[in-house]
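Here's the structure we're looking at; comments come further down.
Read the figures in this text as sums done on the coordinates, not as results from a lab. All figures in this text were calculated on a predicted structure; none of them were measured in a lab. We place every Cβ from the backbone using ideal geometry, glycine too, and count neighbours over all the protein chains shown.
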Amino acid sequence: MTTTEWAGAAAIVDGPGGYTGVEATPEWADEVRRLARARNATVLAHNYQLPAIQDVADHVGDSLALSRIAAEAEEGTIIFCGVHFMAETAKILSPDKTVLIPDERAGCSLADSIDADQLREWKAEHPDALVVSYVNTTAEVKGLTDICCTSSNAVDVVASIDPDREVLFLPDQFLGAHVKRVTGRENIHIWAGECHVHAGINGDELTAKAKAHPDADLFVHPECGCATSALYLAGEGFVPDDKVKILSTGGMIDAARATGAKQVLVATEIGMLHQLRKAAPGIDFQAVNDRASCPYMKMITPAALLRCLQEGKDEVHVAPDVAERARLSVQRMISIGNPGSGE
Ligand code: 13P
Ligand code: SF4
């Protein structure tokens, strides 16, 4: 592998928030693309990534769309610009490919909210239940799971299960409450985990913004603490029912293209605004909470991506026996539902 002669490469600094020191200039973007081609790599970016990372990637999308692309990629190497569980999922689906993440320290507070021992104990209390795990989990937890899901297909996954069978849904309590509400299922037990970024988008902020912008649509990610408040606002007639949409990040892109609204209030991680503004430039998109930035997603900096391509680091490994156990639940996940677009 040839290393770059581009001057920006010398300045990469490893600090507490990740790798820094490289600006996202057009030269950087050219170098990223050149190195990716030289490695026979495809660069995938989640909708929460920094705008420069989204713009340089080969594919941008939600968790389900990116998992499907990773499973079908022709290139021998996948560079996953997202958080660790996403790269791990790509490795589970494509064990023969090299999967790299630009900074392996990019974790996820939601995935950390349940470990394999806790799930074993929970399963022992409900031995006949089927386990549905959100993709935001470790590979070990996926190995103890019957079907994984993402926010795009969680409702479809749970609806596909025999109505008489108990379900253990983990780890996100807000997504679980949304699934329970939509499916009307009573025999579903929900783990009390949460994403600290989405839980921080609260109902009071949403209510104040919705009342200040009565004509705006509300796009709400189901991981948000305010999803219930959004439905309450609709239920109480403060905003018309058809203006409240509970959507995955990919679903938000489709909804942005379809809406007639001039303004949309967006309740999710703020990286999402970039793809929304590209998809529908005529709409005024406003964050419900403009401090809702995921520190893990933002560890994938221009410097980290350049280092990744130059040095082939950080490589993602999943022990073959763990990957073997997890694969079926992830394959079931990618066969169900529609991720929405994202690119
Ligand atoms: P989706 O892109 O599947 O909606 O997931 C959002 C998320 O929180 C990923 O960490
Ligand atoms: Fe995890 Fe929340 Fe960050 Fe998504 S936004 S990666 S769920 S911490």
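Dipole magnitude for the chain: about 520 debye, using +1 per Lys or Arg Cβ and -1 per Asp or Glu Cβ, origin at the Cα centre. With a Förster radius of 25 Å applied to the beta-carbon distance between Ala38 and Lys278, the computed FRET efficiency rounds to 0.35. Computed from the C-beta positions of Asp156 and Ala29 and an R0 of 41 Å, the FRET efficiency is 0.65 to the nearest 0.05.
Compute the signed sum of charges (Lys and Arg +1, Asp and Glu -1) over the other residues within less than 11 Å, Cβ to Cβ, of Ile147. Write out the running numbers ahead of the final one.
Details: positive: Lys142, Arg332; negative: Asp146, Asp156.
With Lys, Arg at +1 and Asp, Glu at -1, the net is 0.
Taking Glu269, Glu125, Glu223 in turn, the Gaussian network model of the chain (Cα-Cα springs below 10 Å) assigns the largest fluctuation to Glu125.
Given contacts defined as C-alpha pairs under 8 Å and at least six residues apart, what's the relative contact order of the chain, whole-number percent?
Numbers: 722 pairs, mean separation 87.4, N = 343.
RCO, the chain: 25 percent.
Looking at the square roots a ≥ b ≥ c of the eigenvalues of the Cα gyration tensor of segment 111-195, which shape do they give, rounded for a/c under 1.5, prolate if a/b is larger than b/c, or oblate? Verdict is oblate for segment 111-195. Taking amide H as placed 1.01 Å from N in the peptide plane, Leu130 has its amide H under 5 Å from the amide H of Glu166, Val167, Leu168, each at least 5 places away in sequence or on another chain. In segment 201-287, taking the dipole from charged Cβ atoms about the Cα centre, the farthest positive-side position among Gly260, Leu231, Ile246 is held by Gly260. Per residue, the average separation of C-alpha pairs within less than 8 Å and at least 6 apart gives segment 111-195 a relative contact order of 29 percent. Calculated mean residue ellipticity, 222 nm, the chain: -11500 deg cm²/dmol, from DSSP H runs (n ≥ 4) at -39500 (n - 2.57) each, averaged per residue and rounded to 500. Projecting the Cα atoms of Ile190, Met297, Leu50 onto the charge dipole of the chain (Cβ charges, centred on the Cα centre) puts Leu50 farthest toward the positive pole. Taking 7 Å steps out from each Cα toward its Cβ at Arg120 and Val13 produces label points 4.5 nm apart.
In this structure, Arg165 and Gln286 have a Cβ-Cβ separation that, at R0 = 41 Å, corresponds to a calculated FRET efficiency of about 0.45. Shape verdict for the chain, please, from the Cα gyration tensor: rounded (a/c under 1.5), prolate (a/b greater than b/c) or oblate. Oblate is the answer for the chain, as a/c is 1.5 or above yet b/c matches or exceeds a/b.
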